[in-house]
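Notes follow the structure.
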Amino acid sequence: MTDARKTAIITGASRGIGHATARLFFDRDWEIITCSRDEAPPECGRDPRWTTHIPADLGNADGITELIGQATKALDGKPLHALVNNAGLSPKSPNKERLGCLNGDIDAWRDVFEINFYAPLKLGRGFASALHKGDGAIVNVTSIAGHKIHPFAGSAYSISKAALSALTREMANEFSALNVRVNAVCPGEIETEMIQPEYEVLIPRIPLNRMGTADDVARSIFYLCSDDAAYVTGTELWVTGGQHMF
């Protein structure tokens, strides 16, 4: 890690929005510390001089401890400028049935909340000092499903994202004392591996008449972490193509 470059930690970075975000930060000359359950895929073309990848399962305490410990070691006392809490879990039934409040395993709800809600809270605490050194920013990735009933996203996922929206507001209030900004991006229908063919029926509900891309979300995340958003905190930025208006 050098003093010249800013540094970001990005979770859930092996694919989809997290991968696009990591690539964008790297292309814009940031050093990146990424985390996912698995090793970085070969297609990332990861440059070990400017990147650190930490395999860790954020659904359990050991994984959280592993990420905080290894990332802190990689920072080596230097400031952290951004924490992007992107890792998420959205379980489906074997027949892809929507899991609501009346079906599914309650333990699966706990698993969802551990990754979608508790991990951002724990990581925010764990990296608070490093973020304070960097006058940094936290960006939580929420979802349009956290604001309205979604035909395909399960209840546990939707409610965890609603809770993450509220957590963003509470963190923004408290972290302001550390001069750390906390915001969220709220994606709508984004073309990732989570999207199934049935999502195509939702396109007529999107004013921009297309699904979003992972790059659309990544650019919004980068804005909230950049100096261009220096006076923005406690905000949830909709990245939905206008779908949230209806």
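Among the residues of region 216-246, those identified as touching a residue at least 40 places away in the same chain (Cβ under 8 Å) and more than 30 Å from residue 176 (Cβ to Cβ) are 241, 243, 246. The set of residues in region 217-246 that are of a type outside the set (Gly, Ala, Ser), farther than 21 Å from residue 168 by Cα and surrounded by 20 or more Cβ atoms within 10 Å (Cβ to Cβ) contains only 243.
Checked against the criterion of being of a type outside the set (A, V, I, L, M, F, W, C), buried (at least 19 other Cβ atoms within 10 Å of the Cβ), closer than 30 Å to residue 79 by Cβ and in contact with a helix residue (DSSP H, G or I) (Cβ under 9 Å, 6 or more places away or on another chain), the candidates 183, 179 yield just one match: 183.
Taking region 64-97 only, how many residues are without any contact (Cβ under 8 Å) to a residue 12 or more places away in the chain and not basic (Lys, Arg)? Lay out the reasoning, then the answer.
Step one: list which residues in region 64-97 are without any contact (Cβ under 8 Å) to a residue 12 or more places away in the chain, which gives 65, 69, 73, 77, 93-95, 97.
Checking the rest, the ones that are also not basic (Lys, Arg) come to 65, 69, 77, 93-95, 97.
Number satisfying all stated conditions: 7.
Quick one: in region 187-209, of everything that is exposed (fewer than 12 other Cβ atoms within 10 Å of the Cβ) and either at pLDDT below 80 or of a type in the set (D, E, K, R) (or both), which residue is nearest to residue 246 (Cα to Cα)? For region 187-209, the residue satisfying everything is 200.
Do we find a residue being over 22 Å from residue 21 (Cα atoms) and under 19 Å from the mean Cα position of the chain (by Cα) anywhere in region 175-183?
yes
Taking the conditions exactly as written (of a type in the set (S, T, N, Q) and modelled with pLDDT under 95), does residue 52 satisfy them or not? Yes: the conditions hold for residue 52.
Quick one: which residue in 61, 71 is closer than 24 Å to residue 128 by Cα, surrounded by 17 or more Cβ atoms within 10 Å (Cβ to Cβ) and either among the small types (Gly, Ala, Ser) or at pLDDT below 90 (or both)?
Working: 61 fails: surrounded by 17 or more Cβ atoms within 10 Å (Cβ to Cβ).
Sole residue among the options that is closer than 24 Å to residue 128 by Cα, surrounded by 17 or more Cβ atoms within 10 Å (Cβ to Cβ) and either among the small types (Gly, Ala, Ser) or at pLDDT below 90 (or both): 71.
Rundown of residues vs (1) out of contact with any Gly (no Cβ under 6 Å at 6 or more places or on another chain); (2) touching a residue at least 60 places away in the same chain (Cβ under 8 Å); (3) over 27 Å from residue 82 (Cβ atoms), yes/no style:
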position	(1), (2), (3)
99	no, no, yes
108	yes, no, yes
117	yes, no, no
147	yes, yes, no
151	yes, no, yes
163	yes, no, no
174	yes, no, no
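Among the residues of region 74-122, those identified as under 19 Å from residue 32 (Cα atoms), surrounded by fewer than 23 Cβ atoms within 10 Å (Cβ to Cβ) and among the hydrophobic types (A, V, I, L, M, F, W, C) are 74, 75. Every listed requirement among (1) in contact with a strand residue (DSSP E or B) (Cβ under 6 Å, 6 or more places away or on another chain); (2) outside any strand (DSSP E or B) is met by residue 97 save one, (1).
The values are calculated or read from the model by the stated rules, or taken from the named source; none is laboratory data. All of these numbers come straight from a predicted model, not from anything done at the bench. Please note: Cβ atoms are built from the backbone with ideal geometry, for glycine as well, and neighbour counts cover all protein chains shown.
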